[in-house]
1. Consider Arg10 against the criteria (1) in contact with a helix residue (DSSP H, G or I) (Cβ under 9 Å, 6 or more places away or on another chain); (2) part of a loop (DSSP other than H, G, I, E, B); (3) among the charged types (D, E, K, R): it satisfies all of them except one. Which criterion is unmet?
2. Among the residues of segment 63-91, write down those that are touching a residue at least 24 places away in the same chain (Cβ under 8 Å) and exposed (fewer than 15 other Cβ atoms within 10 Å of the Cβ).
3. Look at Asp47 and say whether it is part of a strand (DSSP E or B) and among the acidic types (Asp, Glu).
4. Does Leu210 satisfy the condition of being at pLDDT below 95 and either of a type in the set (A, V, I, L, M) or not in a helix (DSSP H, G or I) (or both)?
5. Give segment 186-210 a look and list any residue that's of a type in the set (Val, Ile, Thr) and surrounded by fewer than 12 Cβ atoms within 10 Å (Cβ to Cβ), or say none.
6. How many residues are under 16 Å from Leu79 (Cβ atoms) and either small (Gly, Ala, Ser) or touching a Pro at 6+ places or on another chain (Cβ under 7 Å) (or both) if we restrict to segment 10-50?
7. For Gly31, only one of the following conditions fails: (1) part of a loop (DSSP other than H, G, I, E, B); (2) under 20 Å from Leu6 (Cβ atoms). What is its number?
8. Of all residues being buried (at least 22 other Cβ atoms within 10 Å of the Cβ) and not aromatic (Phe, Trp, Tyr) in segment 15-31, which is farthest from the chain's Cα centre (by Cα)? Just the residue, please.
Amino acid sequence: MFFNVLEYQRYEVLNKIVKSDVIGEFYLGGGTGLALQLGHRVSEDFDFFSPIEFSSDYIIYKLEKAGDINILYSAKDTLHMLLDGVRVTWLYYPNPLLDSLVIPTEIKGLKIASKIDIGVMKLVTISSRGSKKDFIDLYCICQSGIELEELVKLLPQKFPNKMVNLYHIIISLCYFDDAENEAMPKMFIRLDWDNVKRFFLDSCRKLIKLIEQ
């Protein structure tokens, strides 16, 4: 695990969350969940997902004892907050896990989504609006040994109750207009944005041929 990707304040917030007894079925996903496994970039937010419904009021009740809370949005099964100035999101996410959760030894009680699960979720995120950090995250997942084709093929399994438009998702991997206007995230590895784009352009051609067969 690469806990060095977290600045001190964020590391302390993560510890507070775990010690506050709200984790339950929640697991950490998103960019931070991935960065802890790959050590590739700084990630500033915490995104927690639960396979079961939850009470936002209960989480607020428990965490307001742990630190300074600012509620950005609260509804059933959805909560966006700042805890000591760090953005934390809690979401009900019933989609099945494709791989075992990662259990780090450094923070007891923390559970992290696998690279495969985060990768498939990144595909869907990019298809809505691909940020530079999302493209970079997906690129680094693929560079770690997980084939992009494998992630695409897993989409129907991850979203069994949703009609997945594979063509739209693949084409989205070649659309960089939104990402181009964003700054590069702070990286811990050497990475060239042009290489990232080239990788996805090459991959798109292969994937389109695959689904047309």
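The values are calculated or read from the model by the stated rules, or taken from the named source; none is laboratory data. These figures come from a predicted structure and were not determined experimentally. Every residue, glycine as well, gets a Cβ built from its backbone with ideal geometry; the counts of neighbours run over all protein chains shown.
1. (2)
2. Of everything in segment 63-91, those that are touching a residue at least 24 places away in the same chain (Cβ under 8 Å) and exposed (fewer than 15 other Cβ atoms within 10 Å of the Cβ) turn out to be Lys65, Gly85.
3. The answer is yes for Asp47.
4. Yes.
5. Ile189, the sole residue that qualifies.
6. Qualifying residue count for the region: 6.
7. For Gly31, the exception is condition (1).
8. The qualifying residue farthest from the chain's Cα centre (by Cα) is Ile17.
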